[in-house]
Amino acid sequence: MDIVLNKPARSARKAKGDGHLRRGEILDAAERIFIAEGYEGATMRKIAEAVGVSSTALYMHFPDKGCILGEIGRRMLEQLFARNREIAAKPIDAAVRVRMMLEAYMRWGLAHPNAYQLVYSAPRPLSADPWPDEMLDLSVQCYEIFADLVREIAAEGRLRAGTADSAAQAFWMGCHGVVALLCARPRFNWADTDELVQVTLEGLLNGLIAD
């Protein structure tokens, strides 16, 4: 399977006393290493080298790589949840909000391919701890905000096929397939990304929702 980014080059080591290293810098480096080398191949030492700090300094931020993986997932879901909540609150037609959520989801995944693959596509490593309950709850909340809009459309009698739940899941699955393939196979001769996003949304929404 193609990877999104090559193995990252080692960054310049931080000067002594730079204890303000941002957690985001560590997470970004870890995303690249997890994708390039797999969870088992990634080590705290490699992550530390990628951000230019000692392993000891890295352990001050995270006790192990499992915690880093969990933080990557939490960070992603928090951003998606905030975006979904913002869109859901808009005083516009539910079908328009569904489209906005789906497009925001796809655009976020394409802009953050490593995090997307780690959370939604890569098999959960057997040696990694299960996702924490708070992260699973956040994932459910992200979905439920979206599904509630589809239920609203169904209550208006505008679904062409299926139930509210099956339609919501079909929307998600369809968009996920596009994002997952674009992330996993970046060297394939895909059509223009913007066009693929719009064609996917048009096909899903026109196929399942009546005006």
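The values are calculated or read from the model by the stated rules, or taken from the named source; none is laboratory data. The model shown is predicted, which means the values in this text are computed figures rather than measured ones. As a convention, Cβ positions derive from the backbone with ideal geometry for all residues, glycine included, and neighbour counts pool all protein chains shown. Only protein heavy atoms, including side chains, enter the accessible area calculation; ligands, DNA and RNA are left aside. Shrake-Rupley method; radii C 1.70, N 1.55, O 1.52, S 1.80 Å.
What to note about this one:
- The number of residues in the range 49-67 being in a helix (DSSP H, G or I), in contact with a helix residue (DSSP H, G or I) (Cβ under 9 Å, 6 or more places away or on another chain) and free of Cβ contacts under 8 Å to residues at least 24 places away in the same chain comes to 3.
- Residues that are open to solvent by 60 Å² or more (accessible area, probe 1.4 Å), among the hydrophobic types (A, V, I, L, M, F, W, C) and assigned to a helix (DSSP H, G or I) within the range 68-106 comprise just one, VAL96.
- Filtered residue count, the range 141-191, keeping only those that are among the hydrophobic types (A, V, I, L, M, F, W, C), surrounded by 13 or more Cβ atoms within 10 Å (Cβ to Cβ) and within 19 Å of ARG97 (Cβ to Cβ): 16
- Residues in the range 144-190 that are outside any helix (DSSP H, G or I) and either modelled with pLDDT of 95 or more or in contact with a Ser or Thr (Cβ under 8 Å, 6 or more places away or on another chain) (or both): GLU156, GLY157, ARG158, LEU159, ARG160, ALA161, GLY162, THR163, PHE188, ASN189, TRP190.
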